[in-house]
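Colleague: Dropping a structure here in structure tokens format, bear with me for questions.
Bear in mind these aren't lab numbers, they're just calculated from the coordinates by the rules spelled out. All of these numbers come straight from a predicted model, not from anything done at the bench. No Cβ is skipped: glycine too gets one built from the backbone with ideal geometry, and neighbour counts run over all protein chains shown.
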Amino acid sequence: MAAHYDLFVIGGGINGCGIARDAAGRGLSVCLAEMGDLGGATSSASTKLFHGGLRYLEFFEFGLVRHALAEREVLLRAMPHISWPLRFVLPLSHEMRFDSTTPTSRLLGAIMPWLKGRRPDWLIRLGLFLYDHLGGRKILPGTKTLHLPDTPEGAALQDRFTKAYEYSDCWVEDARLVVLNARDAEARGARILTRTKVTAARRVGDRWQITLARGGVSEQVKARALVNAGGPWVADVVQGVIGQNSHETVRLVRGSHIVVPRVAGHDKAYFLQGRDGRIIFVIPYESDFTLIGTTDADHQGDARVARCTEAERDYLLAFANEYLKLPLSAADVVWSYSGVRPLYDDGATSATAATRDYVLSLDENGPVLLNIFGGKITTYRTLAEDAWDKLKPHFPGRRDHWTAGVALPGGDFPVDGVGLLIEDLRTRYPFLGQAWATRLIRAYGTEARKILGPAQTAADLGSDFGATLTEAELRWLMTREYARTAEDVVWRRSKLGLRLGPDQIAAIDAFMAAGVTCADRATR
Ligand SMILES: Cc1cc2nc3c(=O)[nH]c(=O)nc-3n(C[C@H](O)[C@H](O)[C@H](O)COP(=O)(O)OP(=O)(O)OC[C@H]3O[C@@H](n4cnc5c(N)ncnc54)[C@H](O)[C@@H]3O)c2cc1C
């Protein structure tokens, strides 16, 4: 007999997993299917910021910015292991230009034509004042002015940059955020299916009848409500899976990032303005590296094959080199990745101008269907609440919004408690070096001890796969975090791919291909 759920979610990106967790916590029976790995599409390819989006102020997107700013600290408190405050240094330069399509640049062009498309310093300061005050802040410090010469922040920059503003946003490990939401949903009763494609969904009486394909095996399930969180495939799901015509479409905008060896001797990021009106971030990454991104280009074709093109790589290098004292070249690029933003198509002319806000489209012609268009990592939790507000008339008597203030797995410690956790882990497991202990706490928080168990020595953790990845951790990832291939482990659950060679990654694949034993799964 077909399994029966209250809610079925298509898509295991951050929005699908956030909605599944939220609904499971309200007591609904939930099933989620992801055709690849959790977070395998856009949700592992972001710039990894919980941010209000400073540049959206120029588009007068005050509602979106306020909403996202307010959410930063809510998220920080719920996951102080995988997210942390990050300071951004914004060097001032009179050579850099506005995006000419923004409402702000048009307004300024009309009343102060002598600015010739430049962003004046006072306007940036005004924007940062709004940024500091729109969403409220308790944890994150406000903006300050930096005199760059003779400072660590100035040392990496060319001497012509003498003044900068420094403001706050937050970093988040995006792919881990997805997995932790899925785990929490499962802990609250949800069924999470990875490598499972939804091939058809049809309304039959008062239920959705959903067909799943998993490793050549087909399964049918039923659900009272269906959420389409297919990200870049949201419109394909509407047309191809559900078989509906829709006027709502997504605009696929590709964003690429490059990774280079660390360019600055401090732990702050740079927010750089360009001559073309765009901005990029230069962010300290994985201790020894720097992340540079992003581009904005309309994307054609399959979202899964998004790649950073040579032109995008060269654009990012040239952009950063306008500022950096030691210029970067293509030979410095150790890794790149690319993701496709599934933006609601609001008819904007440029990819940069298309709205970053989300649209939830409800269809109640029979059993309910909710399509999710757009969104940001930063707004995933409130998007899930808004999704529930749309669905709740169909599920009366459930609890109120509950996720604000509830920690994700491993995040049940104070927001400033990472240092103490690392110290504690090193005391209990003296064989761990500082970098190893830091990596484990940043990934697993209070759950790191569960992975290490009674180990007295590194050898007690089983095979060593390199770069501090041991068999004990790999088994945890396979049995608790849905990892099935080396790629899931080294490029999503961690970024150890930056430190492991092809032979080491092949050894991880071989170990994982040997499979997780029934005994392993029974210990979950
Ligand atoms: C370059 C870039 C930088 C960004 N930076 C930031 C940032 O710094 N901060 C921020 O807040 N936001 C950022 N974003 C936005 C954010 O990453 C996205 O809004 C978010 O990840 C979208 O999540 P999603 O769950 O909707 O989509 P996805 O993560 O793409 O998930 C959709 C999933 O649905 C699955 N799926 C589709 N069809 C089916 C099917 N038939 N059966 C089963 N599964 C299916 C797909 O495999 C996919 O995994 C950025 C985006 C990009 C591209």
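Colleague: Need one number: % antiparallel among DSSP beta bridges in the chain, to the nearest 5. It would help to have the intermediate numbers written out before the result.
Modeller: Working: 64 of 84 bridges.
Once the DSSP bridges in the chain are tallied, antiparallel ones form about 75 percent.
Colleague: Stick to the Cα atoms of region 262-390, pair each with every other, and give me the Kirkwood hydrodynamic radius in Å at one decimal.
Modeller: Details: mean 1/r = 0.0577 Å⁻¹.
Hydrodynamic radius (Kirkwood, Cα only) of region 262-390 equals 17.3 Å.
Colleague: Which lysines, if any, have their Cα less than 16 Å from the Cα of LYS325, not counting same-chain residues under 8 positions apart?
Modeller: Answer for LYS325, where 16 Å is the Cα cut-off: LYS163, listed by chain and number.
Colleague: Using the eigenvalues of the Cα gyration tensor, what equivalent ellipsoid semi-axes result for region 259-332 when each is taken as the square root of five times the eigenvalue, whole Å, largest first? Write down the numbers at each step before the final one.
Modeller: Working: eigenvalues 97, 43, 28 Å².
Semi-axes from the Cα gyration tensor: 22, 15, 12 Å.
Colleague: When the Karplus curve 6.51 cos²θ - 1.76 cosθ + 1.60 is applied with θ = phi - 60°, which whole-Hz ³J(HN,Hα) does each residue of region 327-332 get, with x for Gly and Pro?
Modeller: Along region 327-332, the couplings run x, 9, 10, 4, 5, 7 Hz.
Colleague: Grab the DSSP H runs of the chain that are 4 residues or longer, score each as -39,500 (n - 2.57), total them, divide by all residues and round the 222 nm result to the nearest 500 deg cm²/dmol. Numbers along the way, then the final one.
Modeller: Details: 14 runs with 147 residues, N = 524.
Mean residue ellipticity, 222 nm, calculated: -8500 deg cm²/dmol.
Colleague: Could you work out the pair-distance distribution P(r) of the chain from its alpha-carbon pairs, with 10 angstrom bin width and percents rounded to whole numbers?
Modeller: Calculated over all Cα pairs of the chain, the distribution is 4, 18, 29, 27, 16, 6, 1, 0 percent.
Colleague: Could you size up the charge dipole of the chain around its Cα centre, putting +1 on the beta carbon of Lys and Arg and -1 on that of Asp and Glu, and report it in debye to the nearest 20? Walk me through the numbers before you get to the answer.
Modeller: Working: 64 positive and 61 negative charges, 145 e Å.
Charge dipole of the chain: 700 debye, to the nearest 20.
Colleague: Something else: Please list, or write none, the lysines whose alpha carbon is within less than 22 Å of the alpha carbon of LYS495, excluding same-chain residues fewer than 8 places away.
Modeller: By straight Cα distance, LYS495 reaches LYS48, LYS268, LYS376, LYS450.
Colleague: Please state the Cα pair-distance histogram of region 382-524 with 5 angstrom bins from zero: what percent is in each bin?
Modeller: 2, 8, 16, 17, 16, 14, 9, 8, 5, 3, 1, 0
Colleague: Another question, then. Could you name the lysines whose alpha carbon sits less than 21 Å from that of LYS197, not counting residues in the same chain fewer than 8 places away?
Modeller: LYS222
Colleague: Another question, if that's okay. Amide H of PHE289 versus every other amide H placed in the peptide plane: which residues, excluding those fewer than 5 positions away on the same chain, fall under 5 Å?
Modeller: Hits under the 5 Å cutoff: ARG262.
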